[in-house]
1. Please report the carbon-and-sulfur percent of the accessible area for chain A; probe 1.4 Å, protein heavy atoms only, DNA, RNA and ligands left out.
2. Return the long-range amide H neighbours of residue A:68 (sequence gap of 5 or more, or a different chain), with a cut-off of under 5 Å between placed amide H atoms.
3. When all protein chains stay in place, what accessible area (Å², nearest 10, 1.4 Å probe) is found for residue B:77?
4. Per residue, what accessible area does the stretch B:76-154 have, given a 1.4 Å probe and all protein chains present, in Å²?
5. Using a 1.4 Å probe and counting only protein heavy atoms, how much accessible surface gets buried when A and B come together, both sides summed, in Å² to the nearest 100?
6. Report, by chain and number, residues whose modeled amide H sits under 5 Å from the one on residue B:116, excluding near sequence neighbours (fewer than 5 apart, same chain).
7. On average, how much accessible surface per residue is there in chain A, in Å², for a 1.4 Å probe, leaving out ligands, DNA and RNA?
8. Have a look at A:176, A:150, A:12 and tell me which one the Gaussian network model of chain A (Cα, springs below 10 Å) gives the largest fluctuation.
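The values are calculated or read from the model by the stated rules, or taken from the named source; none is laboratory data. Bear in mind that the values here come from a model prediction, so they are computed numbers and not experimental data. Quick note on the areas: whole protein, heavy atoms, side chains included, nothing else; ligands and nucleic acids left out. Shrake-Rupley method; radii C 1.70, N 1.55, O 1.52, S 1.80 Å.
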Amino acid sequence: MVDNGRIMKELKELQEATKNVITTSYQQQSNPITLQSPTQQVQASIVGDNLRHWTGTIFGPKDTCFEGGIFKIDIEIPGEYPFKPPKMRFITKIWHPNISSQTGAICLDILKNEWTPALTIRTALISLQALLCAPEPDDPQDAEVARQYKSDKKLYEYTAKMWTENFAKEQTVDDKVKKLMEMGFPEDICKEALERYDNDENLALNFLLGG
Amino acid sequence: MEYSKLAENDPLQSSENESNANLNQPFKQNMQINTTIYDYHSFNQKTANQNEEEKKSAPSSGANKDHASAGSAGGAKFECNICLDIANEPVVSTCGHLYCWVCIFQWINQPKETLLCPVCKSGISKETLIPIYTKGSQEDPRTKAGQEVPKRPAGQRQGPVPNQNFNQGGGLFGNNHSGSGFVMGLGIFPALFTLNFNWDDIFGQNNLGRGNGANAANNEETREQQLQRLLLIFMFFMFMSFVFFGGDVFLTF
């Protein structure tokens, strides 16, 4: 059994850091909810009671196709941690050469053989954020994205932006209603459809198109 | 954290400029700093557990906050880079990174092609790890918990190394580093030829550097120059006495 103590420590540190950032951003009168502060802000918290199952959150870096996106990451901490790397996977769909667009699997050396116990969940998440800034198409996880990145960068950027827009941004119900209305449906029907499908935009659209 | 606090409170630090005027003061000051460091170490060990309480009660200065976010609770800087706890049976790699012996042993035993320092990826090996023996150090509880961990590597001891700065039997000039002057007698009537050399009078400007730890190396150089100059003066007197008294002088030596 390897120490849960270290995991607890990391968690505490992350929570403290998050608290600090929130308070400072309140002080700076910037938006405290989206936390789009210039600092490399990452968050993580445990899922349920299981100390070895976390969810991480990273914010799309500025001046990239992922700007404004909020990406959720599933983190599984193996028994041998910190001597073995944590298993990380994007929950949020993302269009990136080193991240599978299907499964969210990540190709990053420090999450494989370059892992060292001096790294932490926090530093690994920051590395992921850096990976978003600097894709590595020569060592791809998703061959299709990598091919597009190399052959048609404009298209890649467009796709990545669209994916960020569609999957990585939290939309209010009003936003969704507006979007559906733009497609030519009346407002009350849009609202009804969204309500019926638990605010799932795609299902609502299917319903509107089908019925 | 504790050290900086103590340093701030050190009354001698604030009067550093005045102390330079007084020759004895720098030595005192050095001693004071030494004891401060010592206090810090024992303090750190003693209160590893109490630290957390202190943190709560202590007024949250800026420095304090930095520490709280940089390292987690407890012994501030002496944390193992692997378990993030205060290092138990500490060892340090040749690249200077601190670990618990049990932690780094587990890392070394991972099935890996190369053995690298977790922090800087410099090569490490079990043999080159240096143990840190602290006062009243205790065994790591994990070694008792049934894990098969050998004893940590022992420190490497050398035979005594001769001190090059120590001038044994310094002869006429002595090794008068601590005093500020010395007396030199010559010839048949020592009293007549007694010369009272005083560092302060002759090399007054050197006073500023003395005892000021940062200039220690510099000091050493100037002292050598002084000795050379003194030797020249001495030889000049020898020559003069030879001229005036002929060979008689040497009979009395």
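1. 51 percent
2. A:60
3. 130 Å²
4. Per residue, the stretch B:76-154 has an accessible area of 55 Å².
5. 1500 Å²
6. The answer is B:124.
7. 55 Å²
8. Its mean-square fluctuation being the largest, the pick is A:176.
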